[in-house]
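Derivation of every value follows stated rules applied to the coordinates shown; laboratory data play no part. Keep in mind that what you see is a predicted model, and the values were worked out from it rather than measured. Every residue, glycine as well, gets a Cβ built from its backbone with ideal geometry; the counts of neighbours run over all protein chains shown.
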Amino acid sequence: MTVLITGAARGIGLATAKAFAEAGYRVLSLDLEFSDESIGEPVVFDLRALDQIPAMVERLGEIDTLVNNAAILFCDPYDRIPEQHRRDILTVNLEAPCALIAALAPQIRARGAGRVVNVSSVSAFTGHPDLWYGVSKAGLLNLTKSWARELGPHGGLVNAVAPGPTLTDMYEQLPQARKDSVMAAVYSGRPCLPAEVAAAILWLGSASPAYVNGTTLDVNNGSYPR
């Protein structure tokens, strides 16, 4: 069994790569650069190159599970968002996941099986200091349902996770006021660990029942800001 994980060199992606490797999967880790901690076979690729995604997927061969984890965050002020930042966020966070699923769809239909897990965010429901990040994560949930509807009749399972505040480099970029607001609502009073999100992704990407399709699993410990 083979899993392709985007943004796999750090944070939730790295934890997810470890989880799938421990479960016996062949792990294809896609990112721009890798560290000594990286897990699996490195796939160096820039997801902003949308037109190159089909050829890249074809080179990788059969993929049983896709984890769309890669994302970009800037936290620019709402009224001063550079056009390139907007474009990069929408491309990497939303358009690339769609292109990856589309590239895998033919093999999912052909073998009558395949799983996709999209990593969204609690910000899909609450908004975010980075306007377009929140928009992209909300769009990813609609994308999840759309592809589940399309691939479900062919054995494809497309689900999402919506993590709350998770101890990653991206979390550290948030303004302190935002961190304080979110943590005030978290039941446990602590941020999530990447491994905890990874465990949810592993379940959806490998063992969840076939009737779990087009759904979003909240991994947020109540972190909707009051």
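Over the C-alpha atoms of the chain, the Rg to Rh ratio, Rh being the Kirkwood estimate, stands at 0.95. Dipole check for region 2-219: with +1 at the C-beta of Lys and Arg, -1 at the C-beta of Asp and Glu, and the Cα centre as origin, the magnitude is about 600 Debye.
Dipole orientation for region 2-219: of the candidates Q52, V161, S208, S208 has the Cα lying most toward the positive pole (charges on Cβ; Lys, Arg +1; Asp, Glu -1). In this structure, A113 and R87 have a Cβ-Cβ separation that, at R0 = 35 Å, corresponds to a calculated FRET efficiency of about 0.50.
The charge dipole of region 3-77, taken about the Cα centre with unit charges on the Cβ atoms of Lys, Arg (+1) and Asp, Glu (-1), comes to about 100 debye, rounded to the nearest 20.
With r as the distance between the Cβ atoms of N142 and E62 and R0 = 30 Å, compute the FRET efficiency 1/(1 + (r/R0)^6) and round to 0.05. Computed FRET efficiency for E62 and N142 comes out at 0.60.
Computed from the C-beta positions of A102 and E22 and an R0 of 25 Å, the FRET efficiency is 0.25 to the nearest 0.05.
What's the extension gain from A207 to C75 if we count 0.36 nm per residue and subtract their Cα-Cα distance?
Going from the current span to full extension adds 44.0 nm.
Neighbour counts of C-beta atoms inside 10 Å place V116, V135 in the sequence V135, V116, starting with the fewest.
Between helix 11-22 and the chain there is an angle of about 40 degrees, using the helix long axis and the longest principal axis of the Cα atoms.
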